[in-house]
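The values are calculated or read from the model by the stated rules, or taken from the named source; none is laboratory data. The shown structure was predicted, so the numbers you read here are calculated from the model rather than taken from an experiment. Positions of Cβ are backbone-derived with ideal geometry, glycine not excepted, and every protein chain shown enters the neighbour counts.
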Amino acid sequence: MSTVTLGIDHTVRQQLIEAGSATIANLLYRRGLHHTMPHGLRPLADDQEPLVGPAYTLRFIPSREDLDHMGTYGREDNLHRRAIEECPVGSVLLIDAGGCTRASSMGDLMATRLRARSVAGVVTDGGYRDTAGIKATGLPCFQAQPAPPATPIGLHPVALQEPVGCGGVAVYPGDVVLGDADGVVVIPAHLVDEVAREGSRAAAYEEFAELKIRSGHPIFGVFPATEESTREYEQWVAAGRPGRE
């Protein structure tokens, strides 16, 4: 029986982290998927842990004054607040803010609650308020830029668990989200196991290629991999990967 950690198979999760978002995006590109990295998103904290998990989606539209105020925001049927309580353990709360940074997609108390509920993290193409407080929770988060104003000033929540757009990328509920220092990549659920395995192998080969290039070898014949360099890589693995730090 496989071990499941934080909403995704433990081995797959580790393989994705080893590969990294940029490598996984390249593997998806080879499969004909060209738009998998939401544009302009960056980690909230430079030292935050990688983010991996299936997407649980929340969609905002622009707010309207007669519908959006603190009175309606405080109601228990407010979809923004429901998302905080209903996003499953191990999932990534993926917020489509339509690129709006005039109002906050989340604040520190919401982040605190998500961390307490063992949600994997949050991604938005908008921004957060109380960013120092969010960082203090340790919850991995990605945003376009800080957005201090209160949510109802600019955003109205309209849907949970429907297909959304985030930074120019289509995201369907259950797609797997990987976030690290390079950014965020969205992986169609049916491709996750496949690209995780291939990504882990690619990361291992790149370690070999880096050693070769550092030793003075030209990039030609090493990266991208050739039949000859792949055979040499396999011999290096069989020999116990000499030269690794």
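For beta carbons closer than 6 Å, sequence separation of 6+ or different chains, a first residue in region 172-187 that is under 14 Å from Ala120 (Cβ atoms) and surrounded by fewer than 24 Cβ atoms within 10 Å (Cβ to Cβ) and a second that is at pLDDT 95 or above and among the small types (Gly, Ala, Ser), the qualifying pairs are Gly174/Ala189; Asp175/Ala55; Asp175/Ala189; Asp180/Gly20; Asp180/Ser21.
Filtered by the rule that a residue be of a type in the set (Val, Ile, Thr) and either in contact (Cβ under 8 Å) with a residue 40 or more places away in the chain or more than 22 Å from Ile24 (Cα to Cα) (or both), region 191-224 gives Val192, Val195, Ile213. Starting from region 225-245, take each residue that is assigned to a helix (DSSP H, G or I) and list its partners that are surrounded by 14 or more Cβ atoms within 10 Å (Cβ to Cβ) and of a type in the set (Val, Ile, Thr), counting only C-beta distances under 8 angstrom and pairs at least six apart or across chains. That search, which allows pairs on different chains as well, returns Ser229/Val222.
Can Ser104 be described as buried (at least 23 other Cβ atoms within 10 Å of the Cβ) and in contact with a helix residue (DSSP H, G or I) (Cβ under 7 Å, 6 or more places away or on another chain)? So Ser104 passes the test.
Here is a yes/no grid of residues against (1) under 25 Å from Gly107 (Cβ atoms); (2) not assigned by TED's automatic domain parsing to the domain that holds Pro62:
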residue	(1), (2)
Leu155	yes, no
Val158	yes, no
Ala170	no, no
Glu207	no, yes
Val222	no, yes
Thr226	no, yes
Ser229	no, yes
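Residues in region 46-67 that are in contact with a strand residue (DSSP E or B) (Cβ under 9 Å, 6 or more places away or on another chain) and under 20 Å from Gly99 (Cα atoms): Ala55, Tyr56, Thr57, Leu58, Arg59, Phe60, Ile61, Pro62, Ser63, Arg64. When restricted to residues that are over 12 Å from the mean Cα position of the chain (by Cα) and either of a type in the set (Asp, Glu) or assigned to a loop (DSSP other than H, G, I, E, B) (or both), region 25-38 contains 5. Of the listed requirements (1) assigned to a strand (DSSP E or B); (2) buried (at least 22 other Cβ atoms within 10 Å of the Cβ); (3) in contact with an Asp or Glu (Cβ under 9 Å, 6 or more places away or on another chain), Gly165 misses just one: (2). Please find, within region 71-111, the residue that is modelled with the lowest pLDDT out of those that are of a type outside the set (Phe, Trp, Tyr), in a helix (DSSP H, G or I) and closer than 12 Å to His156 by Cα. That would be Thr72.
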